[in-house]
1. Shape of segment 110-161 from its Cα gyration tensor (a ≥ b ≥ c, root eigenvalues): rounded if a/c is under 1.5, otherwise prolate when a/b > b/c, or oblate?
2. Suppose every K and R has +1 on its Cβ and every D and E has -1 on its Cβ; what is the size of the dipole of segment 123-244 about the Cα centre, in Debye to the nearest 20?
3. Let a ≥ b ≥ c be the square roots of the eigenvalues of the Cα gyration tensor of segment 322-454; is it rounded (a/c under 1.5), or, if not, prolate (a/b larger than b/c) or oblate?
4. Could I have the simple spin-label model distance between residue 384 and residue 321, label points 7 Å from Cα toward Cβ, reported in nm to one decimal?
5. Highest mean first, what order results for 422-434, 123-135, 184-196 on Cβ atoms within 10 Å?
6. If you take the square roots of the eigenvalues of the alpha-carbon gyration tensor of segment 72-206 and sort them as a ≥ b ≥ c, do you get rounded (a/c under 1.5), prolate (a/b over b/c) or oblate?
7. Going through segment 305-394, which trypsin sites (Lys or Arg not before Pro) have at most 10 other Cβ atoms within 10 Å and a DSSP loop state?
8. Return the FRET efficiency for the residue pair residue 235, residue 460: r is the Cβ-Cβ distance, R0 is 25 Å, and the value is rounded to the nearest 0.05.
Amino acid sequence: MAAITEKLRFPKSKGAAARWKLSLFLTLFFSLWFLLFFLFRQIHAPSEITETIALTRRLSTVTDPVATCDGRASVYVYELPSKFNSDLINDCHHLNVYTDMCPHVAHRGLGQHVDPVFGPGHWHATHQFIGEMIFHARLERHPCRTSDPAEASIFYVPFYGGLYASSKFREKDLRERDKLAVELAEYLQGLPWWQRHGGRDHFLALGRTAWDFMRVRNKGPDFGANVLLELPAVLNMSVLTVERQPWSGTNQFGVPYPSYFHPSTLDQMLAWQDKVRRSERPHLFSFIGGPRKGLEKAAVRDELIRQCEESSRCMLVKCISGDQQCHNPVGILRVMMGSRFCLQAPGDSFTRRSTFDSMLAGCIPVFFSQHTAYSQYAWFLPKDPDEYSVFMETKDGLTSPRGKIEDVLSSIPEETVARLRNNVIDLIPRLTYAHPNATGLGFKDAVDVAIQQLARHVRSELSFHLQSK
């Protein structure tokens, strides 16, 4: 054996050297061939272990209620010409006549990062009128999205109508103000999937109130609205908006204003809910807002500010134009987390983002108009308002609350307050817009709720339309 080994290691002739090289070559060749064959089998013919791992992954997504679509809401997302969305974002300095929107359109509409002083999750200084961007970003990665329009139950039209509207508020030429809205309607009517049902299975998500898109039916001064929601084609569609027109907006459905918290996991949501449940609340009630001029509803605000200033049990954050304290997410949430009740007075319109900020903070909202929440967000809030809120009637429907606010709120039994607060905190997931990159949340956020309810509505509308033919 020693002699053979010696020959292999130190061939003494050219023939022996050639045989030694051939043996080494064949050994390496067959070793490499068997290695490649083994890898090929692993990839194309999975072993029992590989099959088990794959099955485990499938089961984990099936048992997660949001990781897969429930089959009743399949969404097709149109790839619109860029002038209807991305071109607007590229010109972000001119998206709003009152403020520079560039910081707010960052991170797919979430806005600038905020230090996570309240715990884990994604915290952003999210603008109140940016929901259409967040909705688009969520649906692009949503498990209910389909790339095949033949499989879709609803069709999403990602038009950034709110951002376009605010860029034209001061446009005197009405044809120019309406231009992009009219072009959108013309474009949609030429699409084959639109023509199938006349757009009845199509929907828009708008980040501003319906009043900004209903110029003709709005009476009074011209505040810069366009006619998007009055176009015949759009009247066939469903429209998601942060505030619907409560009397004639039959195709409009209210969705929550975006707040500051955008979780990407169930653990982040549960941690936040636990935090607000345990939060100490030294203030009976609070009001964050400023006075208004020239509006009848402003009288309610003036009275709330007066009563809050006179009460030792109220925390008032009075917002004056340009005051940054009312745009500070951390400061706002700290006030609300320290309050049992949060007053929600109408402002320029019936609704306000503060309603959803307060509920995110576990603060019970107090309303002074039926249209601030009750007629707006039926898909998201309990049918019985007494399950999550307090309603205070006004003396003449506009000017001031009937009774002293402090007396009314302090008379509510402690067990009722605890029940209302727990109900509000339980509602937080469905009122929250999850982070666009989130998958398999483990809870249904505002977008999940909206498309599920919308798909149900569209099925009903199509069935009624077919029967009425």
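1. Working: a/c = 4.69, a/b = 2.04, b/c = 2.29.
Here segment 110-161 falls in the oblate category.
2. On the way: 16 positive and 15 negative charges, 58 e Å.
Approximately 280 debye in magnitude.
3. Numbers: a/c = 1.57, a/b = 1.47, b/c = 1.07.
It comes out prolate by the Cα gyration axes.
4. 4.5 nm
5. 123-135, 422-434, 184-196
6. Working: a/c = 2.85, a/b = 1.17, b/c = 2.43.
It is oblate, given that a/c is not under 1.5 and a/b is not larger than b/c.
7. Here the sparse-neighbourhood loop sites are 383.
8. Step by step, r from the Cβ atoms, then E = 0.90.
The values are calculated or read from the model by the stated rules, or taken from the named source; none is laboratory data. Fair warning: this is a prediction, and the values are worked out from it, not measured in the lab. Glycine gets a Cβ as well: all are built from the backbone with ideal geometry, and neighbour counts include every protein chain shown. The protein model used for the area step is the full one, side chains on, heavy atoms only, and it has no ligands, DNA or RNA in it. Shrake-Rupley method; radii C 1.70, N 1.55, O 1.52, S 1.80 Å.
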